[in-house]
Each structure stands twice: as C-alpha cells, then as structure tokens.
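Enquirer: What follows is a structure written as structure tokens; I'll ask about it next.
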Amino acid sequence: MRLSISSTNLKEWSGDVLVVGLPKGEPSTTAVHLESRFPGVSTAISQQAFEGKTGQKLVLNPLADANPQRLVLVGLGDIDAIDLDGLRAAAAAGAQASIGCNGCLGLQLPWDSHNPDHAARISAEAVRLSLYADQRFQKEPEQRRLPTALELIGLPASAAAGLEPVNATCAGVELARELVAAPPNYVTPAALAETAAALARDYGMELTILERADCEARGMGAFLAVSQGSDLPPKFIHLIYRPEGAVKRRLALVGKGLTFDSGGYNLKVGGAQIDMMKFDMGGSASVLGAMRSIGELKPAGVEVHMVVASCENMVNGSAVHPGDIVTAANGTTIEINNTDAEGRLTLADALLYACEQKPDAVVDLATLTGACVVALGDEMAGFWSNNDALAEALDTAADAGGEGLWRMPLRQSYKKGLKSLLADMKNTGPRPGGSITAALFLKEFVSQDTAWAHIDIAGPVWSDKGKGVNPAGATGYGVRTLVNWVCAQA
Ligand code: BES
Ligand code: MN
Ligand code: ZN
C-alpha cells in the first residue's frame, strides 16, 4: 500500500474515499466545513442521528464518479478520552468502510495531542491490517475493490518517518496470518521449513534445517517423542538474520510449531476445539512473520536467531504412550503423563538449542495452554519472564504495536506440581494454574544466565468474530511486538 502524508485540508483533498474521525459533540462544527465540499452532509448527520459516539459510523456515497466517491464519518467518543487505541480503532473502522472503493483513501483524525510519527504509524498499520482478507481457498474469489494508497491528512510532513516501517511490519503480520489460517494439509512441518527457506533466499539469511536423524544425533528426545506418531517428518528450523556491521546484541526468537495437535492418545475430545488445532503453529508463524519484517527493515547491531521445532501431534502405532519417559537434549528425563501437553516438549529442545547460540535474550511464543485463554481471554497474551528489563521492553513493544500483553507470575512453589515419581519431571501439573506450570516447565530448559520470556498466545492467535485491526480469523498476533522489540535493541 502506498503511504503518505497529505498537506492539503479537507476542502481541497482529492482522492477516492475520505474517512473523517469526529469526536462526540463535534459533528455540528466540522459539518459546516464538510458541508461546503459535500452538500447535504449536515442533513444526513442529523437525520441519521450521528453524534460521534465511539463506534458510530456514517457512510455517504455522493456519486459514483464524484471525487471522492465515498465519505465515511467515524465516531470517536469524548475528545479528551481519545487515546492511541482510539485512533487505531477509528482507522480500522474507516478502512473497513472503504472496502468497495479503489484508489486513494484519505484519513483525517484528531492527531494533535499525539506524537505525530507514532500516530501516523499506528493508523497506517491499522488501515492496511484491517483491509486483509484470505481468499486463497476459494474457487472463484469475490473481486474486492480496495484502496491501494493511504494519505494521512493534517499531519506534519515530518510524520512520514513514522510510515517507513509500516509496510514491512504489516507484510510480516500477513505472512503469519496466512500460515495460521492455512489448514494442516497445507501447512506441514515441511511447508514451514519451505517458508523459512524462501525468507533465507529473499533476504539473504542463513538457514539450517535439522532432519529427524540430526535431531536424534543431538539427543532431542522430547521433541522427537511428540513427532513420532505422525507420518510427516519433523523439521527443526534455524534461521539467522545477521546485520551489516558490528553485532551488539544477539537475540533468539523461538516459536511453537505444531502444525496440528490432535492431543495424541490424550485425544482432544468434547469441546477441546480439535478442528482449530491448525493454529497450534501460531508461535512459529509469528516468529517467521517477524523474520520477514526484520529481513526487510534490516535493523543494525542485532543478530536474530529464529528457532522452530516443527511437527504434528498425532496418533498411530508408534505414537508416544501416556506414561512414556523421554530424555531431552540436556539429559533431563520427562514422564509424559499427558500427550496433549506436547508443545512444552518440543519447546524444551528448541530452548536448549536456542541457548546454545549464546543469545543475550530469548523470547518464545506458543499457543501453549487453554488455561491462559481462561485467564486472559482472546485479546491478551500472557507472558512470563526471569528478567525485569526484558519484561519491560516487551511491554513497551507490545504497547506500541497495539497488542495486549499481560505479565504473569513464575511462582516457584508451583513447580511441585511437576514432580514425577520416576523421572526428573512430568510434563503436566494440576489444572489450576496450568499456564504457570507450563511456563515453569519451560524455564527448566533455559540457561540460568539468559534473559528469557515466554509468551502464551493461545488466546489472541485467533479471533472468531474479528475485532479492531483484525478481520475474523488468524490475527498474526506477536509480529508487531517482536518487530518493535528487536528494532528497539538495535
Ligand atoms: N495447543 C494446546 C493449547 C490450546 C488449547 C491452545 C486450546 C488454544 C486453545 C496445547 O498443546 C494443549 O493441549 N494444552 C493442554 C495442556 C494440558 C494437557 C496440561 C491444555 O491447555 O488443555
Ligand atoms: Mn496439546
Ligand atoms: Zn498444542
């Protein structure tokens, strides 16, 4: 999408669809300005009782070949209460109401009280992300007329700096959405490896794929146990972004890459959403999406290692038995008391491998527990960290990206729940606090001196109805947070 700042005012702006945000109580005064350009606007506003309440929308189509052909008014609520989320929501609502128009979308919001670069950035992100639709699996996709350019009206020209990372970031989010939405007969472990290979080619990154035999040689018994009930070979994917010039920080991004999670012999039954378990590679989609953005943005000073241990959790005669004891790459033995707690097993070996790269910080993303969804719903991911500075940096990055993120406790005493009679630990603790014991399990596989955070994205990976910048379906959650975080380390 072509993104720019327009220095014209409402009266002179020319384009195809104009979106104007109006605070509550404001319509009458702005209507006067709009009226000279769009005769009849003030009548429509009063006839349709448009008061500028949050979420209110008024769409006017003056004439098919008029300029602009459509005017969209978006309610913003109380002027004093318009925050960045309000701008995002208004931009998203305006963009969605512009579907059906080709050409240039003009957007004017009350920018004044915000940092202009940031306001430009988040509104442009919101517009592009909310115009997304996935038509790959339709025989005859409906022809969608969409704006191909965005002009932000009324911002200083210098705010254009805020637009620079927008397309690269959104392309990463869209890649993540495509990977998550595609079903497990399309997105297999091999397909994720292929996606990483395409990124390596396109952006000159370094790629290593460990096949099953390589993983065996490295003693990755936890990861391989999960994969052994599937007919598809596992793929352990390591993609590296190296900056030009000196490396100041080395970071690792680890993603859970279960391309399907049947639960294994602890099969997902009754309401366990087995049909949605294509999204169990959401963590790997986020880290691949982030790598795409990073490849394009080329931040200086940071080296980024992406690690994904990808496989399916299936049932056949070779599948893991509930009760099996397996050995992770560091020798830790694990009693698999529940085959449906498979993500943490794959992540154990992935985190050990990531720590071998000697990173300054490791962040893992995983659709790890239903318990996290119960705790926080689908608008927020939970996160756990052994390092306050890293936690704060992630909070800031998520905030700037408009992604909900909430820190949760690594309560050590809950580790008792993972005690095994025979092995070093079990993979599953009691149901209460299930997302916390999952995080404590992962912590066992992270070097003590490495800053680490675990982000449980089981809730926000998918949006049934769609909300804000996310159309219904895969959200691409995590990409914006990761990109912001990585670029802030540069
Ligand atoms: N992939 C699931 C987590 C999940 C469940 C994500 C529902 C989104 C929606 C994970 O592998 C899993 O099955 N976790 C179990 C853990 C339990 C057996 C300790 C869960 O959350 O029920
Ligand atoms: Mn599972
Ligand atoms: Zn899973």
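Enquirer: More than 27 Å from Gly459 (Cβ to Cβ) and part of a helix (DSSP H, G or I): which single residue out of Ala246, Ala196, Ala190 fits that description? Let's see the steps before the verdict.
Expert: On the way: Ala246 fails: part of a helix (DSSP H, G or I); Ala196 fails: more than 27 Å from Gly459 (Cβ to Cβ).
Just a single option satisfies the conditions, and that option is Ala190.
Enquirer: If you don't mind, another one. Working carefully through the options Ile274, Ile294, find the one that is of a type in the set (A, V, I, L, M, F, W, C), assigned by TED's automatic domain parsing to the domain that holds Asn484 and surrounded by fewer than 19 Cβ atoms within 10 Å (Cβ to Cβ).
Expert: On the way: Ile294 fails: surrounded by fewer than 19 Cβ atoms within 10 Å (Cβ to Cβ).
Ile274 is the lone residue from the list that is of a type in the set (A, V, I, L, M, F, W, C), assigned by TED's automatic domain parsing to the domain that holds Asn484 and surrounded by fewer than 19 Cβ atoms within 10 Å (Cβ to Cβ).
Enquirer: Looking at segment 415-438, is at least one residue part of a strand (DSSP E or B) and either at pLDDT below 95 or within 24 Å of the chain's Cα centre (by Cα) (or both)? First the steps, then the outcome.
Expert: First, the residues of segment 415-438 that are part of a strand (DSSP E or B): 425-426.
When the remaining residues are screened for being either at pLDDT below 95 or within 24 Å of the chain's Cα centre (by Cα) (or both), the result is none.
Scanning segment 415-438, I find no residue that is part of a strand (DSSP E or B) and either at pLDDT below 95 or within 24 Å of the chain's Cα centre (by Cα) (or both), so the answer is no.
Enquirer: Would you check which residues across segment 462-482 are over 23 Å from Tyr353 (Cβ atoms) and aliphatic (A, V, I, L, M) and list them?
Expert: Within segment 462-482, the subset over 23 Å from Tyr353 (Cβ atoms) is 462-477, 480.
Residues satisfying the conditions are Val469, Ala472, Ala474.
Enquirer: Scan segment 313-372 for residues that are free of Cβ contacts under 8 Å to residues at least 40 places away in the same chain and either crowded, with 24+ Cβ neighbours inside 10 Å or over 31 Å from the mean Cα position of the chain (by Cα) (or both) and report the count. Even if it seems obvious, please write down each step before you answer.
Expert: We begin by selecting, within segment 313-372, every residue free of Cβ contacts under 8 Å to residues at least 40 places away in the same chain; these are 317, 323, 356.
Then keep just the ones that are either crowded, with 24+ Cβ neighbours inside 10 Å or over 31 Å from the mean Cα position of the chain (by Cα) (or both); that gives 317, 323.
Summing the residues that are free of Cβ contacts under 8 Å to residues at least 40 places away in the same chain and either crowded, with 24+ Cβ neighbours inside 10 Å or over 31 Å from the mean Cα position of the chain (by Cα) (or both) in segment 313-372 gives 2.
To keep it simple, each residue is scored yes or no on (1) polar (S, T, N, Q); (2) surrounded by 24 or more Cβ atoms within 10 Å (Cβ to Cβ); (3) touching a residue at least 40 places away in the same chain (Cβ under 8 Å).
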site: Leu418; (1), (2), (3): no, no, no
site: Ala423; (1), (2), (3): no, no, yes
site: Lys426; (1), (2), (3): no, no, yes
site: Thr437; (1), (2), (3): yes, yes, no
site: Ala488; (1), (2), (3): no, no, yes
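Enquirer: Further, regarding this structure: For segment 278-288, does any single residue satisfy the condition of being over 26 Å from the mean Cα position of the chain (by Cα), in contact (Cβ under 8 Å) with a residue 12 or more places away in the chain and at negative phi? Quick ask: steps written out before the conclusion?
Expert: Of the residues in segment 278-288, the ones over 26 Å from the mean Cα position of the chain (by Cα) are none.
Looking through segment 278-288, none of the residues is over 26 Å from the mean Cα position of the chain (by Cα), in contact (Cβ under 8 Å) with a residue 12 or more places away in the chain and at negative phi.
Enquirer: A further question on this structure: Do any helices (runs of 4 or more DSSP H) entirely within segment 34-136 hold 1 or more residues that are under 30 Å from the mean Cα position of the chain (by Cα) and crowded, with 17+ Cβ neighbours inside 10 Å, and if so, which? Even if it seems obvious, please write down each step before you answer.
Expert: Values: elements: 41-47, 84-97, 116-130.
So the answer is 84-97, 116-130.
Enquirer: Out of Leu232, Leu251, I need the residue that is in a loop (DSSP other than H, G, I, E, B), at pLDDT 95 or above and touching a strand residue (DSSP E or B) at 6+ places or on another chain (Cβ under 7 Å). Which one?
Expert: Working: Leu251 fails: in a loop (DSSP other than H, G, I, E, B).
Of Leu232, Leu251, the one residue that is in a loop (DSSP other than H, G, I, E, B), at pLDDT 95 or above and touching a strand residue (DSSP E or B) at 6+ places or on another chain (Cβ under 7 Å) is Leu232.
Enquirer: A further question on this structure: Are any of the residues in segment 198-214 within 10 Å of Cys311 (Cα to Cα), touching a residue at least 60 places away in the same chain (Cβ under 8 Å) and crowded, with 18+ Cβ neighbours inside 10 Å?
Expert: Taking segment 198-214 and keeping what is within 10 Å of Cys311 (Cα to Cα), we get none.
Looking through segment 198-214, none of the residues is within 10 Å of Cys311 (Cα to Cα), touching a residue at least 60 places away in the same chain (Cβ under 8 Å) and crowded, with 18+ Cβ neighbours inside 10 Å.
Enquirer: So which residues in segment 162-187 are in a loop (DSSP other than H, G, I, E, B), among the aliphatic types (A, V, I, L, M) and surrounded by fewer than 21 Cβ atoms within 10 Å (Cβ to Cβ)? Please lay out each step first, then the result.
Expert: If we filter segment 162-187 for residues that are in a loop (DSSP other than H, G, I, E, B), which is where we start, we get 164-165, 182-187.
Filter once more, keeping what is among the aliphatic types (A, V, I, L, M): 182, 187.
Passing the criteria: only Ala182.
Yes/no per residue for (1) within 12 Å of ligand 1 (Cβ to nearest atom); (2) touching a Lys or Arg at 6+ places or on another chain (Cβ under 8 Å):
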site	(1), (2)
Phe260	yes, yes
Ser286	no, no
Gly301	no, yes
Met314	no, no
Thr327	no, no
Ala348	no, no
Leu351	no, no
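Enquirer: Sort out which residues of segment 329-346 are in contact with a Gly (Cβ under 6 Å, 6 or more places away or on another chain) and more than 16 Å from ligand 1 (Cβ to nearest atom), and write them in order of number. Give the steps one after another, and end with the answer.
Expert: Here is the first cut: in segment 329-346, the ones in contact with a Gly (Cβ under 6 Å, 6 or more places away or on another chain) are 329, 339-340.
Ala329, the sole residue that qualifies.
Enquirer: Return yes when Glu151 is outside any strand (DSSP E or B), more than 24 Å from the chain's Cα centre (by Cα) and of a type in the set (D, E, K, R) and no when it is not. Steps first, please.
Expert: Details: outside any strand (DSSP E or B): no; more than 24 Å from the chain's Cα centre (by Cα): yes; of a type in the set (D, E, K, R): yes.
No.
The values are calculated or read from the model by the stated rules, or taken from the named source; none is laboratory data. Keep in mind that this is a model prediction, so the values were computed, not measured. Backbone-built Cβ (ideal geometry, glycine too); neighbour counts: all protein chains shown.
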